[in-house]
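Here, each number is a calculation from the coordinates, and none is a lab measurement. None of the values given here were measured: they were computed from a predicted structure. Neighbour counts are summed over all protein chains in view; Cβ atoms, including those assigned to glycine, are modelled from backbone coordinates with ideal geometry.
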Amino acid sequence: MTPATVTPQIVRAFLTAETESNSASTAAHSYVSLRAFFNFLVRDGFVAVNPADSVDKPRQRRKIIETFSLDDVERMVATCGKDFVGVRDRAMILAMLDCGLRASELCGLSINDVNWAEQTLLVVGKGDKERIVPFGNVTRQALAEYVPRRGQLETQMLFVSIYGAPLDRYRVRTMVKERCETAGIKGPRCSPHTLRHTCAVQYLRNGGDVFSLQKLLGHADLTMTRRYAELSQTDVREKHRACSPADRLQATASRSARRKLR
């Protein structure tokens, strides 16, 4: 088989096999790769048409977004003692919660990326894209307590081990997992990314909007940001159940009917 003999039917059969043997996510990635490959071949004149153009992208099942409750986070922070590791871990947990940082972004922070006057961090995200992320007073206090403990080191990286070596994503993931276990948190997945999810949902529940959240999290578009918005609508649904105008109208009508019967 050559690229010129590949048909839409062959592409569909391949993606179906990918979905059955691996997952819809794998098939979706394969679809994107196939389209890009055949677009290249069409552009350079190797084939006349892209057989993937008439094939629908495999649907991916949307994963449930897990978040910590604020009580979970408070319990996690409460496990951090006053020694170097405890003070450092508290600062990291609050920075991830407050700023929605990925583990890699947290590890990539240097001491010079903290702007104390503006209360912002210079964050390098996916694709080496920089963004300015603000942090609140509680996080500022935690960072201000940690930085003097860190001391003067050869490395400029902000978060380091007790030996002065920069932390990596694995160590951050392990830290979050261990803090969760110590705090007795068993519900959501205990990972740095769950703190990022929690940041997003709490930000919206506290009155933030999807456009500023998109900038805060460094999303390329609003697709993922809107998913957080959907999750935050739980609050709206619960309040509506208690405050439904139509339900109130029905309750008023019932009271009027009872008065007439008297």
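A few remarks follow.
- When the chain is described by a simple charge dipole with +1 on each Lys and Arg Cβ and -1 on each Asp and Glu Cβ, the residue from Ala183, Ser54, Tyr163 located farthest towards its positive end is Ala183.
- Helical content alone sets the calculated 222 nm signal of the chain at -19000 deg cm²/dmol, taking -39,500 (n - 2.57) per DSSP H segment of four or more residues and averaging over every residue.
- Region 70-237: Lys pairs at Cα distance under 24 angstrom, eight or more positions apart or on different chains: 5
- For the chain: span of alpha carbons on each principal axis (Å, largest first): 85, 66, 35
- A DSSP coil position with no more than 10 other Cβ atoms inside 10 Å describes none of the trypsin sites (Lys or Arg not before Pro) in region 139-182.
- Each listed q (0.11, 0.28 Å⁻¹) maps to a log10 I(q)/I(0) for region 15-88, found by the Debye formula over equal Cα scatterers with no solvent: -0.55, -1.16.
- Electrostatic dipole magnitude of region 70-237 [Cβ: Lys, Arg +1; Asp, Glu -1; Cα centre; debye, to 20]: 340
- In this structure, the amide hydrogen of Ser110, modeled 1.01 Å from its nitrogen in the peptide plane, lies closer than 5 angstrom to those of Leu158, counting only residues at least 5 positions away or on a different chain.
- Highest-MSF residue in the chain out of Asn22, Asn206, Asn115 [GNM, Cα springs under 10 Å]: Asn22
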